[in-house]
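The values are calculated or read from the model by the stated rules, or taken from the named source; none is laboratory data. Model, not experiment: these values are computed from the prediction. Reconstructed Cβ throughout: ideal geometry from the backbone, glycine too, with neighbour counts over all protein chains shown. Surface areas here come from the heavy atoms of the whole protein model, side chains and all, with no ligands, DNA or RNA. Shrake-Rupley method; radii C 1.70, N 1.55, O 1.52, S 1.80 Å.
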Amino acid sequence: MATIVNVPEEKILHVNHFEFTYAGSDTPNIKTLSMPIAKNCITALIGPSGCGKTTLLRAFNRMHDLYPGNTYAGEILFEGRNILDTKEDLIALRSKIGMIFQKPTAFPMSIFDNVAYGLRLQGIKNRSEVSDRVEKALKDAAIWKEVNSRLKHDANGLSGGQQQRLCIARAIAVEPEILLFDEPTSALDPISTQGIEILVSELKERVSIVIVTHNMQQAARVSDYTGFMYLGELIELGRTEELFVTPKEKLTEEYITGKFG
Amino acid sequence: MTHTQKRIMTNNIVMVLSTLSALLGLGFLFWILGVLVFNGIEALNMNIFIYEGAPAGYEESGLKQALVGQLLIVLYATAVGVPLGVLSGTYLSEYGQSSKLSEVIRDISDIMMSAPSIVIGAFVYAIIVIPMGHFSGYAGAAALAIIMVPIILRTTDDMLQLVPSTLREAAFALGAPKYKVIIQVVYRGAKAGILTGILLAIARVAGETAPLLFTSFNDNFMNTDMNEAMASLTVTMYNYATSPYEDWQRLGWAAAFILSMFILGLNIIGRLFLLRKRGQ
Ligand SMILES: Nc1ncnc2c1ncn2[C@@H]1O[C@H](COP(=O)(O)OP(=O)(O)OP(=O)(O)O)[C@@H](O)[C@H]1O
Ligand SMILES: [Mg+2]
């Protein structure tokens, strides 16, 4: 069982005995994992390559359902429901739990339409409401100044860092409860990375954030809580500064001091 | 001779041979085009667009019936073939993916693509012309549509698969239902490629003669009733070119020239689409 210390009362997600197996895999890729995700905080997931960080993250918005044959067990509680329930409305779930990917995923349409996309999905048709919310999202994602004069231009004309901030704007425009980030800066230069980190830290006032990262300095800089995963299991979860300074588990200590991974 | 010298010599021989054969191919191509343009332009005049076919020796004879017939048949074939091809390509890429059924459909469509077009003409003759009791523009359009579908299906399938799966995931992650992901995101990403595939498929069927011989047959006079036998540029060209009359042969050249320019135009537009896409 994992060591879990000092996680506050208020949780946005609760993972209980979660188990996950990819189609075609004979052993579970995530083994009976339990962990709380704190509300309005940033939780970082770290661990060596292949330990299951992405797999766990993608379970939170049921991304695995896009591909046939993957199996879940256990529960993930969100707003009092088990979101792994087969009757769960995935469209509603995903509009509350957004996701930012490793590589920017700007849609082949204008900058404005990218950000308006989720709003229109929710049936918001009023033009002035759409454009107000697009503007607000772009401002919140700290990219408004760079794009306000070319909202009608193709989003693929932006730089990688700008596209990633555009994707964040698109995700926050629909005002989700949770945002999931899977190595959002690993394809970016240091300056863009810093921009995204600042942005993520500011966002936690409004959303709860889970961020997967390979970069331990990044986890230490931005997150409130850090979970260390190893071979499909959670080894330790605690306040970030404690986990990095005084880890409770030997495995955690070895990983953060660079003995393996 | 040292090893290096040998290698350099082999290299030179291969280079000279391949350059020569490329030049030979190009030479024939320009020869064909040259003859076509020379004879075609000479045969072109306004009468061709104004008059229908007439017995040999008449001044006032033209290709109006063939131009109109060709356009109608290709238009009807496109109206059926494009939606069928695009939708089935969408099924393969977005729904069936690598299931057994999709693999079988892909294989069958590859086989159909290499089936001789005359066989497809014979098939349509058996299932449409014989039951109806007469040739018709519809039968011709059906034959061309059958030839179009596998081409469009395959390019649509390929182009949709080129759209990165992360783009689809990003749309799903915003709470989009599958049909919206396909129509609003995936189609947009593959637009240029699919359009090119459609244009090339139209260009391909516009030049078909064999399947029309048994289906829409021919008509020397203007006819816009798709339920009747109908002229086309290709069949008209075949009839006129093999006739002994010089003025008919000239009309054959004109038909060949107009048809080639139409197909060349479609090909160029298709390629421009792709170039623009790559330039982005
Ligand atoms: N689509 C898949 N099908 C089958 N197995 C998979 C699939 N994706 C990942 N796996 C396996 O599941 C395990 C966890 O993978 P996951 O991608 O979650 O690791 P990760 O911690 O995100 O690694 P990284 O840091 O390299 O991104 C690995 O053993 C991997 O091989
Ligand atoms: Mg990963």
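Candidates B:Ile146, B:Gln161, B:Leu195 compared by Cα position along the dipole of chain B: farthest toward the positive end lies B:Gln161, with charges placed on Cβ.
Under 14 Å from the Cβ of B:Thr90, count the other residues' Cβ atoms, weight Lys and Arg +1, Asp and Glu -1, and hand me the total. So the surrounding residues net to +4.
A Gaussian network model of chain A, with springs between Cα atoms under 10 Å, assigns the largest mean-square fluctuation among A:Ala38, A:Ala73, A:Ala171 to A:Ala73. Here the stretch B:110-143 is scanned for amide nitrogen atoms under 12 Å from the site 7 Å beyond the Cα of B:Leu84 along Cα-to-Cβ, giving B:124, B:139-143.
Take the Cβ atoms of B:Leu71 and A:Glu19, set R0 to 51 Å, and the FRET efficiency comes out at 0.20.
Under the simplified labelling scheme, the B:Ser21-B:Arg271 pair shows an inter-label distance of 2.2 nm, with each label point 7 Å from Cα along Cα→Cβ. Taking all protein chains as shown and a probe of 1.4 angstrom, A:Met216 keeps an accessible surface of around 50 Å². Divide the volume of the convex hull around the Cα atoms of the stretch B:212-254 by the residue count and you get 66 Å³ per residue. Shielding value for A:89-99 is 3, the average number of Cβ atoms from other chains within 10 Å of each residue's Cβ.
In terms of its alpha-carbon gyration tensor, the protein assembly as shown comes out prolate; a/c meets the 1.5 threshold, and the first ratio a/b outweighs b/c.
Across B:Thr224, B:Thr215, B:Thr236, mean-square fluctuation computed from a Gaussian network of chain B (C-alpha pairs under 10 Å connected) peaks at B:Thr224. Counting only aspartates and glutamates at least 8 places from A:Lys103 when in the same chain, those with an alpha carbon closer than 18 Å to its own are A:Asp154, A:Asp182, A:Glu183, A:Asp189, A:Glu197, B:Glu169.
Taking 17 Å as the straight-line reach from the Cα of A:Lys31, the lysines in range (excluding those fewer than 8 positions away in the same chain) are A:Lys53.
Within the stretch A:185-261, the chymotrypsin sites (Phe, Trp or Tyr not before Pro) that combine a DSSP coil assignment with at most 12 other C-beta atoms in a 10 angstrom radius are A:Phe260.
Each helix, a run of at least 4 DSSP H residues, gives -39500 (n - 2.57); summed and divided by the residues of chain A, these come to -10000 deg cm²/dmol at 222 nm.
Highest mobility in the GNM of chain A, judged by mean-square fluctuation with C-alpha springs under 10 Å and restricted to A:Ser95, A:Ser201, A:Ser149, is found for A:Ser149.
Have a look at the DSSP beta bridges in the protein assembly as shown and tell me what percent are antiparallel, nearest 5. Of those bridges, close to 55 percent are antiparallel. Shape class of chain B from the Cα gyration tensor (axes a ≥ b ≥ c, square roots of the eigenvalues): oblate, since a/c reaches 1.5 or more and a/b does not exceed b/c. With a ≥ b ≥ c taken as the square roots of the eigenvalues of the C-alpha gyration tensor of the stretch A:1-95, please select rounded if a/c is under 1.5 and otherwise prolate if a/b is larger than b/c or oblate if it is not? Because a/c hits 1.5 or more and a/b fails to exceed b/c, the stretch A:1-95 counts as oblate. Compute for chains B and A the buried accessible surface, both sides summed, probe 1.4 Å, and express it in Å² to the nearest 100. Summing both chains' loss of accessible area gives about 1800 Å². Derived from the Cα gyration tensor, the three semi-axes of the equivalent ellipsoid of the stretch B:50-149 are 36, 15, 11 Å, largest first. Give A:Lys87/A:Lys145; A:Lys39/A:Lys136; A:Lys96/A:Lys125; A:Lys11/A:Lys259; A:Lys39/A:Lys248 a once-over and call out the pairs whose C-alpha atoms are over 31 Å from each other. Going by Cα-Cα distance, A:Lys87/A:Lys145; A:Lys11/A:Lys259 fall outside the 31 Å limit. In chain A the longest region clear of trypsin sites (Lys or Arg not before Pro) that are loop-assigned by DSSP and have at most 14 other C-beta atoms within 10 Å covers A:1-86.
Farthest towards the positive end of the charge dipole of the stretch B:1-135, among the residues B:Leu101, B:Met9, B:Ala56, is the Cα of B:Met9, using unit charges on the Cβ of Lys, Arg, Asp and Glu.
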